[in-house]
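Every read-out reported here was derived from the displayed coordinates using simple, explicitly stated rules and does not represent laboratory data. In this text the structure is predicted, and so the values were computed from the model without any measurement. Backbone-built Cβ (ideal geometry, glycine too); neighbour counts: all protein chains shown.
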């Protein structure tokens, strides 16, 4: 296949080649069609775009900086490393970009109640934040295991007025939270909008979330051209469902000189049920509304996953990433829990920046690649979120070497 991906995808039916689509119960077809029609109207509505731009600037705090990580660059001894600072957004991650866009759509459609799923809690916090801002009821579904390991974000959501529903089914993580959110949506279609948090799910969610998140790549492109007068050689981002990565990658898809690398969760190693790296042993299947690469057994049963990072602990990957991988436009690798923890501590100690464990997977891959590149090469790492939520978990796993 061509090394340049098709910027016109998805097609009219929501497909990225063989991936994507709309695989949902009949009861969800109408609300998805309604959402698709409203979204595409909003895309071409100057008033919607003006309102979106206002909140992204005045409330979220965009543009986020593109920061030269001087000490990390010196330590690694190779390429110049820039960090796209999505951790500095209001609520502490890239998730707010999409949440703002979707709450404005919900308002246009006359919805009064918001539901969302969350793993690491950042999307839940973003959804609770925008619901509070627009005076809407909000219910967040979160796996019971994730509620425990992301306790700080559970409190934040409740403080913002959201009801947090722990999900005790199955593995008690993100997949089960999505299931419960979809059940709720089917039951409450008339007044409820589902703010899905990543570039996954039934059409139009993958394209809609990508387009709300592409502001990351649009800004990074302009910023690197201003700072370095040329495009970067390499973009690196972590990939759970894949919204922060596709947001960074999409504006660069036509630039053949720019290499794109997505980093999945390698967990405890690439062994069954010990990781969440869908491109390492995953196979084509349908899960939660879309067709993509899924970690499943020979009978099509979804396998358990593991990651130190709640936000990457998911059995499927966004359909556009599957397309980019099969089109050989993007490369997908993985970082283990140990590599992510090492990167977490290194960025904290060298740059004074505590990253989300999700983002630490991308930093870990940068630590592998930068030393092998020339000193005039340029890397942009998407620092998709901050690590406040992960401090207690990391402290329990890492023996901190305190200065005397």
Please work out the C-alpha center-to-center distance from the range 9-30 to the range 133-191 and express it in whole Å. 25 Å
Could you let me know the centre-to-centre spacing of the range 348-404 and the range 49-116, using Cα atoms, in angstrom? 19 Å
Please arrange 90, 275 by how many other C-beta atoms lie within 10 Å of their C-beta, fewest to most. 90, 275
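By per-residue mean of other Cβ atoms within 10 Å, what is the highest-first order of 38-49, 139-150?
Descending packing order for the listed peptides: 139-150, 38-49.
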Sorted from largest down, give the three principal axis spans of the alpha carbons of the range 214-294, whole angstrom values. 45, 28, 19
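Remind me, what semi-axes does the range 308-404 give for its equivalent ellipsoid, largest first in whole Å, using sqrt of 5 times each Cα gyration tensor eigenvalue?
Equivalent ellipsoid semi-axes, largest first: 26, 19, 10 Å.
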What residues of the range 314-331 lie in the reach of a label at residue 256, counting those whose backbone N is under 19 Å from a point 7 Å from the Cα along Cα→Cβ? 324-331
List the relative contact order of the range 131-265 as a percent without decimals, with contacts defined as Cα pairs under 8 Å and 6+ residues apart. 18 percent
Whole-number Å³ per residue for the convex hull built on Cα positions in the range 19-172: 185 Å³
Roughly what angle does helix 122-133 make with the longest principal axis of the chain, taking Cα atoms, 0 to 90 degrees, to the nearest 10? 50 degrees
How do 12-24, 320-332 rank on mean C-beta neighbours within 10 Å, highest first? 320-332, 12-24
Among 105-115, 256-266, the order from most to least packed when residues are scored by Cβ within 10 Å on average: 256-266, 105-115
Helix-only [θ] at 222 nm, the chain, -39500 (n - 2.57) per DSSP H run of 4+, per residue, nearest 500, equals -12000 deg cm²/dmol
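Over the range 234-318, what is the relative contact order in percent, taking alpha-carbon pairs closer than 8 angstrom and at least six residues apart?
Relative contact order of the range 234-318: 30 percent.
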What is the range 128-185's relative contact order, in percent, from Cα pairs under 8 angstrom and six or more apart in sequence? 41 percent
Over all Cα pairs of the chain, the Kirkwood radius sets Rh, and Rg/Rh then becomes 0.94
